Amino acid sequence: MKRLLLAVILGSAAIGGHAQDYPLRAINITVPNPPGGMNQIHAQPLSAVIEKLTSQPAPVVNRPGGTAAVGTAYVANQPADGHNILVTTPNLYLVIEKDRVYGVKSPFSLDQIAPIALLSADPLTMVVHPSLPVKNVKELVVLAKKHSGDMIFSSSGPYGITHTPMAMFIDAAGIKMRHLPTTGGGPAITQALGGHAQVTASGPAAVYPHVKSGKLRALANWGIKPHPALPDVRPLKDLGYDVEAYLWVGLFTAAGTPEPTMTKVRELIRKAASDPLFKQSLEKVHVVPDYRDAPEFKQFFDADYKRMAAVVKKMGKI
């Protein structure tokens, strides 16, 4: 009995010590995509700042596959101790909604992961090839109706973060377009640059250089206000289309992480997100830092998920 009591006391002390001393070892940062892209843009400076703040390694490991499902499932199944962090985008829930449409069991569920913080939330931006004779959304809609089903839009892939907002807009505008799916956001922009697709949606950071060079023309965004990098590009909401979508990047860890440890994780990320090195790394590539702690991020996430899930459900099987 005394041994049992001693074990309980020592165990309790260890739990308290773990939370107090966090991190005890390397903090592994998982990017569920190939190198490059928005998740990598956030993960690399985050790693550098975490290492500076904790004196612990914070390696970034790319675990691509299954539209981010492989990397997400990896973190979801790691020990719930705050030492594994997932850097991800709306693909987190889009893959679940896609699987639901097809009656497929997803390799993870949302109750297996817990939100830590939002890092940025830039509105998707609609761009067209400059050969398309339109200067605004109204002209685009008129042309699309005149040539119903002939206009092509490219995306990062079926049900992905650049496909779903376009489907949302097409439905709201009452038009028809053909879909050219690709293997990622970069290839989707390449198709638009080459004129193989007339329209595409992407994060403002990715299209900014092409808009400034005149290789693409920005018509609108899916936010509630203009983006600082493209201040003259108005939200679709201002133009009469009740649509909203963001290329956000947030952090998650395994659900069930003890509250004292989770508090330490959130505090570490709060400090990292406010570090000038991290903020300047995002601003340099025209991403607006938008840190929100777990409760506020959860509210944003739930609203965003509800909007996008409705679009996927309406699209059905394609």
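Take Ala68 and tell me if it is at pLDDT below 95 and in contact with a strand residue (DSSP E or B) (Cβ under 9 Å, 6 or more places away or on another chain).
Values: at pLDDT below 95: yes; in contact with a strand residue (DSSP E or B) (Cβ under 9 Å, 6 or more places away or on another chain): yes.
In short, yes.
Restricted to the range 118-145, and to residues there that are of a type in the set (S, T, N, Q) and closer than 30 Å to Val249 by Cβ, the residue that is farthest from the chain's Cα centre (by Cα) is Asn136. Based on this model, can you work out whether Pro231 counts as open to solvent by 10 Å² or more (accessible area, probe 1.4 Å) and at negative phi? Answer is yes for this residue. Filtering Pro130, Pro165, Pro115 for residues that are closer than 30 Å to Ala80 by Cβ and not hydrophobic (A, V, I, L, M, F, W, C) leaves a single hit, Pro115.
Selection over the range 71-92 of residues that are surrounded by 22 or more Cβ atoms within 10 Å (Cβ to Cβ), at pLDDT 95 or above and not aliphatic (A, V, I, L, M) gives a count of 7. Selection of helices (runs of 4 or more DSSP H) fully inside the range 242-318 by the criterion of at least 3 residues being touching a helix residue (DSSP H, G or I) at 6+ places or on another chain (Cβ under 8 Å) and under 30 Å from Tyr102 (Cα atoms) returns 294-315.
Residues are listed down the side, and each one gets a yes or a no for (1) farther than 19 Å from Phe301 by Cα; (2) touching a residue at least 40 places away in the same chain (Cβ under 8 Å):
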| residue | (1), (2) |
| --- | --- |
| Ala58 | yes, no |
| Arg63 | yes, no |
| Tyr74 | yes, yes |
| Gln78 | yes, yes |
| Val87 | no, yes |
| Leu110 | no, no |
| Leu118 | no, yes |
| Pro123 | no, yes |
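For first residues located in the range 89-108 and under 14 Å from Met315 (Cβ atoms), partners that are hydrophobic (A, V, I, L, M, F, W, C) and open to solvent by 10 Å² or more (accessible area, probe 1.4 Å) and lie 6+ apart or on another chain with Cβ distances below 7 Å form the pairs Leu94/Ile161; Glu97/Ala309.
Residue by residue, here is whether (1) touching a Lys or Arg at 6+ places or on another chain (Cβ under 7 Å); (2) modelled with pLDDT under 95; (3) not hydrophobic (A, V, I, L, M, F, W, C) holds:
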| site | (1), (2), (3) |
| --- | --- |
| Gly157 | no, yes, yes |
| Thr164 | no, no, yes |
| Met168 | no, no, no |
| Lys176 | no, no, yes |
| Leu180 | no, no, no |
| Gly184 | no, yes, yes |
| Pro187 | no, yes, yes |
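To keep it simple, each residue is scored yes or no on (1) within 20 Å of the chain's Cα centre (by Cα); (2) β-branched (Val, Ile, Thr); (3) crowded, with 19+ Cβ neighbours inside 10 Å.
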position	(1), (2), (3)
Lys212	no, no, no
Trp222	yes, no, yes
His227	yes, no, yes
Leu239	no, no, no
Tyr246	yes, no, yes
Thr253	yes, yes, yes
Glu259	no, no, no
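Considering only residues of the range 48-66 that are open to solvent by less than 10 Å² (accessible area, probe 1.4 Å) and part of a helix (DSSP H, G or I), which is farthest from Ile116 (Cα to Cα)? Checking each candidate, the answer is Val49. Within the range 82-93, the set of residues being within 17 Å of Asp122 (Cβ to Cβ) and in a helix (DSSP H, G or I) comprises Asn91, Leu92.
Within the range 286-302, being open to solvent by less than 50 Å² (accessible area, probe 1.4 Å), under 16 Å from His227 (Cα atoms) and among the aliphatic types (A, V, I, L, M) holds for one residue alone: Val287. Pairing residues of the range 183-209 that are small (Gly, Ala, Ser) with residues that are assigned to a helix (DSSP H, G or I) and open to solvent by 40 Å² or more (accessible area, probe 1.4 Å), at Cβ distances under 7 Å and at least 6 apart in sequence or on separate chains, gives Gly185/Gly37; Gly185/Ala206; Ala197/Gln191.
The values are calculated or read from the model by the stated rules, or taken from the named source; none is laboratory data. Everything numeric in this text was worked out from a predicted model, so none of it was measured. Heads up, the Cβs are rebuilt from the backbone with ideal geometry, glycines too, and the neighbour counts pull from every protein chain shown. With ligands, DNA and RNA removed, areas are computed over all heavy atoms of the protein, side chains included. Shrake-Rupley method; radii C 1.70, N 1.55, O 1.52, S 1.80 Å.
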